[in-house]
Amino acid sequence: MTLEEIINHHRNTYINQLISFYGNRGNGAKEILLKLSSDEETLLFNLTRPDFLSNNDGNYGIEELYPDTFSNHQPINFVYKNLDIELHPIFWHGVEFILDTKFAEFEWLKSWTTTALKENNDESTNELDLLEAIHNVSIPSISEKSTIFTVDFGTSTSETFFALLDTINEIGAKNIIINSFELIEE
């Protein structure tokens, strides 16, 4: 299988479960953009799109899908443009990227996030009534040799995933490990 086919399979596994999740929801809104009111920023811009914001007579609650299945496979190595990628099984709602380079600034990630979050658009864009937006991006952690961050790809398309890889390629990273170790090992 190609990298694109595998990424599409990961996404489709998640989206099928999300559509079922939405089918069991009452009053509320899907993928509404929320700004977290916290002094400590844990997500870029402190913005997130929960899967569902329920409304029960004025009592609001955030409801998230926690998928029970994912597309399992052995780690696979790919070359994408100038990137060497080690792809592990992933949950589409919690994809960790480990870049082989320590980056001091993150304008490249903030720019991609602004586009992929679709901050100025809360309209569904397809026949499945999905926004096709990411749901959030963690603040990157830095070590001496790496930059690590996690993306909840939400209902975004595989094109959004590859746009992130293009951005990472453009900033000069050479090796990436892509995984969902924390979610899979729970």
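Key figures
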read-out: Potential lengthening between Glu64 and Ser38 on full extension [0.36 nm per residue; Cα-Cα distance subtracted]; value: 7.4 nm
read-out: With DNA, RNA and ligands ignored, accessible area of Ser54 (1.4 Å probe; Å², nearest 10); value: 10
read-out: Gyration tensor verdict on the stretch 70-172 (Cα atoms; rounded if a/c is under 1.5, prolate if a/b is larger than b/c, oblate otherwise); value: oblate
read-out: Full-stretch length increase - Asn56, Arg25 - with 0.36 nm per residue and alpha-carbon distance subtracted; value: 10.1 nm
read-out: Residues of the stretch 83-186: accessible area per residue with a 1.4 Å probe, Å²; value: 45
read-out: Packing-based order for 17-29, 171-183, using average beta carbon neighbours within 10 Å, highest first; value: 171-183, 17-29
read-out: Solvent-accessible surface (1.4 angstrom probe) belonging to Thr157, in square angstrom, nearest 10; value: 30
read-out: Rounded tilt (10° steps) of 107-117 against the dominant C-alpha axis of the chain; value: 30
read-out: Globularity index of the chain, i.e. its alpha-carbon radius of gyration over 2.2 N^0.38 Å; value: 1.03
read-out: Carbon plus sulfur fraction of accessible area for the chain, probe 1.4 Å, in percent; value: 47
read-out: Long pairs among Lys30/Lys81; Lys35/Lys174; Lys30/Lys174; Lys30/Lys110; Lys35/Lys145; Lys81/Lys110, criterion Cα-Cα beyond 29 Å; value: Lys30/Lys81; Lys35/Lys174; Lys30/Lys174; Lys35/Lys145
read-out: Gain in span if fully extended, Thr2 to Lys174, counting 0.36 nm per residue against the direct Cα distance; value: 60.0 nm
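The values are calculated or read from the model by the stated rules, or taken from the named source; none is laboratory data. Remember, predicted model here, so these are calculated numbers, not experimental data. All Cβ positions, glycine included, derive from the backbone under ideal geometry; neighbour counts span all protein chains shown. When the accessible area is computed, the model is the full protein with side chains, heavy atoms only, and any ligands, DNA or RNA have been set aside. Shrake-Rupley method; radii C 1.70, N 1.55, O 1.52, S 1.80 Å.
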